[in-house]
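Enquirer: This is the structure I want to talk about, given as structure tokens.
The values are calculated or read from the model by the stated rules, or taken from the named source; none is laboratory data. Owing to the predicted nature of the structure, the values given are computational and were not obtained by experimental measurement. Here the Cβ is made from the backbone with ideal geometry for all residues, glycine too, and neighbour counts use every protein chain on show.
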Amino acid sequence: MKLFTVGPVACRPEVLREMSIQMFSHRSVEYQRLHQETIERLQRFLETRNQVFLFPSSGSGVMEATIRNCVRKRMLCCINGAFGKRYADVARSNGREVVELRTPLGEPTTPEELDRCLRENPDVEAVAITYNETSVGLINPLPQLAEVVKSHGKLLFVDAVSAMGGAEIKVDEWGIDVCFSSSQKCFGIPPGLAVASVSDEALRLSEQATNKGWYFDFKLYERYQQREWSTHMTPPIPQIAALRKELEIIEKEGGKEARLELYRKRSERIREGIKELDLTLFPRKGYESPTVTCVNAPEGMSGIEIYERMRERGFELAKGYGEVKERTFRIGNMGYIQWEDIEEMLKALAEVIG
């Protein structure tokens, strides 16, 4: 099965081989070296001097961590899809009040709307933005939104789960307090590892926080990382080794810009192919994701039907998600994909829609 999913995605053979190394203690010098090298490569990739932590979880774990460590009472969540809504749900489940800034599905959050909402709600402590809304294949204008958040003096949390490694991120320049992602998306690593950059201000708030739990305590991550290049619980060593290998490959293949250009070219080819088949995209033009393409199902077919028929031909796409599950399907271009795979997938799609 050739994977054009939105995660987990196919992994490079050399990355999978890296995961087959014999295990060693997470308190050993071997692990310390692995941990340090991975962190330093991530800092370069994210263009940040902030600390970067490795979490034994999916990205949703870090989502919860931002709330428990940094928000005392009230936050704002920008919602234009299922994962922006998840952020709000997670905040409420942790007893926080949530102001929702909702835009119609397929429409981006705009700086003007965000500025208005922050003026109307000056007491929110933080703003959560889903950079790349996986459910509808839309990328939000993060640099401009970040500028608005910082002009109001608020913390900025960025869910970059399907963006980190596939879209531009400048953590320090944009003033992001916590920026997190998961291994099974653009980095093309099996699931089980999350990464996040955490600002000094976020760490200061974590130090003052009460009832924040133990597993996702930012200050514990900081203490163990600074003291011994480790974590306060057993980390997923194979995934970390795989991530170090992938970051090494990225650097050898021309660095971050070359990797982002690869994702741009892949998504452009998929969108061209969709247009050639007289299909249309769900998100507003100009805000299409560089890592996942959300396509409107043609008249007379459901997105689920297209998904099932593509599976019969050996291609795993992704079903539509949430409110648009029946009327859309999604094509991911993350992870280990060859150019000929894209052409074969588009040919099979042409057969399916007939």
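Enquirer: Tell me, yes or no, whether the stretch 11-19 has at least one residue that is buried (at least 20 other Cβ atoms within 10 Å of the Cβ), closer than 19 Å to Arg259 by Cβ and not acidic (Asp, Glu).
Expert: Among the residues of the stretch 11-19, at least one is buried (at least 20 other Cβ atoms within 10 Å of the Cβ), closer than 19 Å to Arg259 by Cβ and not acidic (Asp, Glu), which makes the answer yes.
Enquirer: Kindly indicate which of Ser197, Ser183 is within 11 Å of the chain's Cα centre (by Cα), in contact (Cβ under 8 Å) with a residue 24 or more places away in the chain and closer than 29 Å to Ile250 by Cα.
Expert: The match here is Ser183.
Enquirer: Considering each residue of the stretch 241-259, count those that are under 17 Å from the mean Cα position of the chain (by Cα) and surrounded by 18 or more Cβ atoms within 10 Å (Cβ to Cβ), and give that number.
Expert: Going through the stretch 241-259 one residue at a time, the tally reaches 4.
Enquirer: Do we have any residue at all in the stretch 92-102 that's within 25 Å of Arg204 (Cβ to Cβ), in contact with a strand residue (DSSP E or B) (Cβ under 8 Å, 6 or more places away or on another chain), of a type in the set (Gly, Ala, Ser) and at pLDDT 95 or above?
Expert: no
Enquirer: Still on this structure: So how many residues does the stretch 186-236 have that are touching a helix residue (DSSP H, G or I) at 6+ places or on another chain (Cβ under 8 Å) and among the basic types (Lys, Arg)?
Expert: Residues meeting the conditions: 2.
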